[in-house]
Amino acid sequence: MKDLSLYILDIAMNSVRAGAKNISILLNEENNVLTLRIEDDGCGMTEEQVEKLSNPFFTTRKTRKVGLGVPFLRMLSEMTGGKVTVTSRPEADFENHGTEVVATFHTDHIDFIPLGDVVETVVTLIQGNPDSDYVFRHKTDKLDVNMDTGEMRAILGDEVPLNAYEVLSFIKEFLRGQYENEN
Amino acid sequence: MINLDILAQKMELRHICGSTDREICGCYAGDLLSWVMSHAEYGHIWITIMSNINVVAVASLCDVACVVLAEGVELDPDALEAATKQDICVFSSKLSTYELCTLVSKYINE
């Protein structure tokens with residue numbers, strides 16, 4: 001995976017597997033630092049589980065013994081001089097349960113891998129998991145791209161799923177349009 | 001096919017940990033771990049300059065025969081611990097990735 005956007009997809013899939021109803025993907029670029037923030041209201045993790053996250057030999061997966069989503073993100077971030085912090089509130093103890101993954105990247109570092117096609121990532125995520133709602137924001141000094149599927153759902157009603165072809169095409173054009181306009 | 005133990009001796013690799021009783025049927029060289037994950041195969045000798053614990057995880061996942069750390073790179077302490085625990089075979093060498101590849105190519109079908 002040569003683009004950061006694919007790693008974002010990988011992390012967001014953890015939110016889906018955690019049963020999240022709301023997933024936010026927030027990108028903020030300021031003074032050569034890219035901050036990626038992925039928030040969800042899924043089942044969350046205990047402190048012990050969060051501590052073990054950076055160890056690839058810890059995974060909730062049953063199919064194989066290795067989990068590399070967070071370890072890879074941490075590696076990519078640290079290679080640029082950034083860091084990853086994960087905070088989580090488990091379902092058993094918190095009413096507002098969920099997880100936040102925050103990763104920073106120094107975009108002027110030679111080992112920073114490009115963000116890639118983040119629109120494709122968002123659309124792929126929605127396509128595979130249309131029952132959750134998604135907030136996406138990408139803010140730099142040149143652009144401020146926003147999307148909230150909650151707003152779309154309010155207009156579409158309950159009948160039309162988010163992964164209907166027309167809806168996905170709309171989302172793609174909607175996002176691409178915002179990137180083009182503000183560049 | 002060549003036995004890992006014999007190949008390692010011919011290439012003068014320094015053994016760090018893990019069992020060397022494996023057959024080598026190919027080689028993969030690369031450092032972008034997610035990429036290696038989808039390209040390295042069972043029985044390959046994997047040459048890399050990466051040395052963190054994720055290397056051990058990828059080696060385990062792909063079931064490569066061993067990892068060879070090029071250019072005198074040392075395993076991180078937690079990576080060494082994981083490799084020992086998972087019985088992942090790791091070698092190190094002062095040679096570059098390219099030089100190591102040429103040696104594999106020379107000896108693998110002998």
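Bear in mind these aren't lab numbers, they're just calculated from the coordinates by the rules spelled out. Note that the structure is a prediction, hence the values are computed from the model and not measured. When we count neighbours, we look across all protein chains shown, and the Cβ atoms used for this are built from the backbone with ideal geometry, even at glycine.
In this simple spin-label approximation, B:K94 and A:R17 carry label points 7 Å from Cα along the Cα→Cβ vector, and these lie 4.4 nm apart. Other protein chain C-beta atoms within 10 Å of residue C-beta, averaged over B:53-62: 5. Using Cβ point charges alone (K and R +1, D and E -1), the dipole size of the protein assembly as shown about the Cα centre works out to roughly 740 debye.
Here the range A:53-183 is treated with +1 on each Lys and Arg Cβ and -1 on each Asp and Glu Cβ, and its dipole about the Cα centre works out to around 760 debye. Annotation: the antiparallel percentage among DSSP beta bridges lying fully within the range B:2-107 is about 30. I want the local charge near A:T107. Using Cβ-Cβ distances under 15 Å, sum +1 for each Lys or Arg and -1 for each Asp or Glu among the other residues. It works out to a net charge of -4. Run down the aspartates and glutamates and flag those whose C-alpha is under 16 Å from the C-alpha of B:K94, throwing out any fewer than 8 positions away in its chain. Straight-line reach from B:K94, under 16 Å: B:E12, B:E71, B:E74. Across chain B, the relative contact order, built from alpha-carbon pairs under 8 Å that are at least six residues apart, equals 32 percent. The calculated FRET efficiency for the pair A:F170 and A:F57, based on their C-beta separation and a Förster distance of 30 Å, comes to about 0.10.
Name the residues of the range A:3-36 whose amide N is less than 16 Å from a point 7 angstrom out from the Cα of A:T85 along the C-beta direction? Taking a point 7 Å out along Cα→Cβ of A:T85, the residues of the range A:3-36 whose backbone N falls under 16 Å are A:28, A:34-36. Each 5 Å bin from zero up to the one holding the largest Cα-Cα distance in the range A:59-183 carries the following percent of pairs: 2, 8, 13, 16, 18, 18, 14, 7, 2, 0. Ranking B:S105, B:A59, B:C89 by Cα position along the charge dipole of chain B, where only Lys, Arg, Asp and Glu carry charges on their C-beta atoms, puts B:S105 farthest toward the positive end.
In percent, rounded to a whole number, the relative contact order of the range A:4-182 is 24, using alpha-carbon pairs under 8 Å and six or more apart.
Per the Debye formula on identical point scatterers at the alpha carbon atoms of the range A:86-158, with no solvent, log10 I(q)/I(0) at q = 0.13, 0.16, 0.18 Å⁻¹ is -0.62, -0.89, -1.05. For the cross-link pairs A:K52/B:K106; A:K83/A:K139; A:K21/A:K172; A:K2/A:K172, the ones whose C-alpha atoms lie over 31 Å apart are A:K52/B:K106.
Placing unit charges on the Cβ atoms only, positive for Lys and Arg and negative for Asp and Glu, gives chain B a dipole magnitude near 180 debye about its Cα centre.
Counting Cβ atoms of other protein chains within 10 Å of each residue's Cβ and taking the mean over peptide A:75-82 gives 2. Between A:N146 and B:M1, the simple spin-label model (points 7 angstrom out along Cα→Cβ) gives 6.4 nm.
In this rough spin-label picture, where each label sits 7 Å from Cα along the Cβ direction, the A:D93-B:E74 distance is 3.8 nm. What share of Cα pairs, in percent, lie more than 18 angstrom apart in chain B? In whole percent, the long-distance tail amounts to 38.
On a 0 to 90 degree scale, rounded to 10, what angle separates helix B:77-86 from the longest Cα axis of chain B? Long axis of B:77-86 versus the principal axis of chain B: about 70 degrees. Using a Förster distance of 30 Å, how high is the FRET efficiency between A:H109 and A:Q49, based on the Cβ-Cβ distance and rounded to 0.05? Approximately 0.50, to the nearest 0.05. Taking other residues whose beta carbon is less than 12 angstrom from the beta carbon of A:R137, and scoring Lys, Arg as +1 and Asp, Glu as -1, yields -2.
Restricting the calculation to alpha carbons of the protein assembly as shown gives Rg and Dmax of 21.9, 69 angstrom.
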